[in-house]
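A short write-up of the structure that comes next.
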Amino acid sequence: MSTGEEIQIRIGIHSGEVVGGVIGEERFVYDIYSDAVNTAARMESHGEPDKIHVSHEFVIHLQNRFAMTKNTNHGITFIKCGEMEIKGKGMMKTYFMEKNV
């Protein structure tokens, strides 16, 4: 049933190592932990509705992946947000990732 309300989401992406594991003895939950997960969460919380906010490290990682596959038509643009103060991380270069239309 549709209520007619629009939802807005924010997405944050960073790259790095993570550790995952199952937690619990009676009810099992799988979770992942790391500084990369925390940084991705900060990207989300400092982002804007309906945008994908990414770290500079993620931009470099993705550009390197594109270069390795010689994919020049990936259809993604990174819009600079400049440097911003990210809680617990200090000043970080960040971008909004958008699909070319």
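The values are calculated or read from the model by the stated rules, or taken from the named source; none is laboratory data. This structure is a prediction, so every number in the text was calculated from the model and none was measured. With ideal geometry, Cβ positions are generated from the backbone for all residues, glycine too; neighbour counts draw on all protein chains shown.
Note on the stretch 28-47: among residues that are among the hydroxyl-bearing types (Ser, Thr, Tyr) and part of a strand (DSSP E or B), the one that is farthest from GLY82 (Cα to Cα) is TYR30. Evaluate the stretch 23-32: report whether one residue or more is of a type outside the set (A, V, I, L, M, F, W, C) and touching a strand residue (DSSP E or B) at 6+ places or on another chain (Cβ under 8 Å). Yes: one or more hits. Take the conditions (1) within 15 Å of the chain's Cα centre (by Cα); (2) outside any strand (DSSP E or B); GLU6 misses just one of them, which is (1). Among the criteria (1) among the polar types (S, T, N, Q); (2) more than 25 Å from GLU98 (Cβ to Cβ); (3) touching a residue at least 40 places away in the same chain (Cβ under 8 Å), the one SER34 does not fulfil is (3).
If you check GLU25, GLU17, GLU57 for being in a helix (DSSP H, G or I) and either modelled with pLDDT under 95 or charged (D, E, K, R) (or both), only one passes: GLU57.
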